[in-house]
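Enquirer: Take this structure first; my questions come after.
Just so it is clear, none of the values below were taken in a lab; they were calculated from the coordinates. These numbers were taken from a predicted model, which means no experiment stands behind them. So basically every Cβ, Gly included, is an ideal-geometry build from the backbone, and we count neighbours across all protein chains shown.
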Amino acid sequence: MGAKAKKNGLFILGIAICFAVAALSVFLEELIPGGLLGASIIALFLGTIINTFFHPDWIKPALKFTSKRILKVAIILLGASLSIKTIMSVGKMTFFVMIFTFAMCFGGGYFVRKLFVLNWKLSNLISAGTGICGGSAIAAIAPAIDAEDKDIAFAMSSTFLFDMVMVALYPLMGKALGMTDIAYGIWAGTSVNDTASVVASGYAFSEIAGDFATMVKLTRTIAIIPTVLVFAYIGARLKQKELKAANNGQKVNIVKIIPWFIGGFLLLAVLNSVGFIPTTISGVMKGASKFLMVTALAAIGLGTSLSDFKKAGLKPMFYGITIDTLVTLTALCVIWFMGLM
């Protein structure tokens, strides 16, 4: 076997390992009751544990390909699960809640980041995961700002920790506050991070609340598009300053920095909204997106060691918990002010 053939074989083997870890994670997710632990976070931690005992150099190219390229394909396919019609109908009721929670995530996050002394990429990944849609938002924004895989892992971990606690506490707090099904659905849908956690906490309250919380969560997902564009622009400007490139008075070309995968994401969302994509196909594409996302996170886990988490310390966790708590309280106050409770 030639050197090139051997290299290609190892590359394919590395990708196959990522898919195997993803498949195992999906299987383990089914065994855990109540949807408390999603396949994405299982894949991330399972990959990290495997990395402790198995981290050969030959697997690194496959991990890079899977965590970058396959991740972008997953984001594109995610667009097939969106419907502009649903977004418009749900958005009318939740628009102000989302505006204030986004402002808290990124505006308030700026000051909280100063308090915990975190780098801007990691802090904004956590804020995006909190304000938009958990792991999907973190995954979408990461390539736009050239975030490191370990930052993605830290961001995923911090949002996961909050979700684990809130899945149990949200229904209890909602009932204690005497919230209606719709009010609770808006609250859970706008302030709980990951989709699986939104579904779990929503249906734990009532079926109506669960249905509405899920729709609100899908509506939040559309915010990925403008957020990625904004951070792509910021990332380009900061990179210019870091390299001390001569600008000659010219501005950054916004067209050139628009991530290509966001174009694919938006195209599928539009096609699905006008009914061009059959419901069955849309469901398959959504499932494929979820699995490829899990596969990419498995690759990130396989490239992240437990020592990386130790070096990061508790600051990312405390930052995430602080932002999540502020968003929870902000959403609750806006819902009360709007008279929905």
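Enquirer: Hey, which of these cross-link pairs are over 25 Å Cα-Cα: K60/K121; K68/K286; K290/K315; K85/K290?
Expert: The answer is K290/K315.
Enquirer: Would you mind computing, in nm to one decimal, how far apart the modelled labels at A176 and F318 are, each placed 7 Å from Cα along Cα→Cβ?
Expert: Calculated label separation equals 2.5 nm.
Enquirer: Once R0 is set to 22 Å, what does the formula 1/(1 + (r/R0)^6) return for the Cβ-Cβ distance between K7 and I50, expressed as a FRET efficiency to the nearest 0.05?
Expert: Taking R0 as 22 Å, the efficiency between K7 and I50 is 0.50.
Enquirer: Given the options L78, L326, L44, state which has the largest fluctuation in a GNM of the chain using a 10 Å cut-off (strictly under) for Cα springs.
Expert: Per the Cα network of the chain with a 10 Å cutoff, L326 tops the list.
Enquirer: Ok, one more. For T280 and L329, calculate 0.36 nm times their separation in residues minus their Cα-Cα distance, and state this gained length in nm to one decimal.
Expert: Additional length available on full extension: 13.8 nm.
Enquirer: So what's the back-of-envelope 222 nm ellipticity for the chain, counting only DSSP H runs of four-plus at -39500 (n - 2.57) apiece and dividing by all residues, rounded to 500?
Expert: Numbers: 18 runs with 262 residues, N = 341.
For the chain, the value works out to -25000 deg cm²/dmol.
Enquirer: With angles folded into 0 to 90 degrees, how steeply does helix 3-31 sit against the dominant principal axis of the chain? Use alpha carbons for both and round to 10.
Expert: 20 degrees
Enquirer: For the chain, with a Gaussian network of springs between Cα atoms less than 10 Å apart, report the residue from V198, V230, V327 with the top mean-square fluctuation.
Expert: Comparing V198, V230, V327 in a Gaussian network model of the chain, the most mobile one is V230.
Enquirer: Sticking with this one: Ordered by residue, what ³J(HN,Hα) values in Hz, to whole numbers, does region 233-240 give under the Karplus form 6.51 cos²θ - 1.76 cosθ + 1.60, where θ = phi - 60° and Gly and Pro are x?
Expert: 5, 4, x, 5, 5, 5, 5, 4
Enquirer: Would you kindly derive the ³J(HN,Hα) couplings of region 123-139 from the backbone phi angles with the Karplus curve 6.51 cos²θ - 1.76 cosθ + 1.60 (θ = phi - 60°), listing them in order in whole Hz, with x for Gly and Pro?
Expert: 4, 6, 5, 5, 4, 5, x, 6, x, 10, 7, x, x, 5, 5, 4, 5
Enquirer: Of A209, A80, A20, which has the largest mean-square fluctuation in a 10 Å C-alpha GNM of the chain?
Expert: A20
Enquirer: For region 3-337, what does the relative contact order come out to in percent, with C-alpha contacts under 8 Å and a separation of six or more?
Expert: 36 percent
Enquirer: How much length is gained on full extension from F111 to M88, taking 0.36 nm per residue of separation minus their Cα-Cα distance?
Expert: In short, 5.1 nm is gained.
Enquirer: Now for a separate question. State whether region 3-337 is rounded, prolate or oblate according to the following rule on the C-alpha gyration tensor (a ≥ b ≥ c being the square roots of its eigenvalues): a/c under 1.5 gives rounded; otherwise a/b larger than b/c gives prolate, and the remaining case gives oblate.
Expert: rounded
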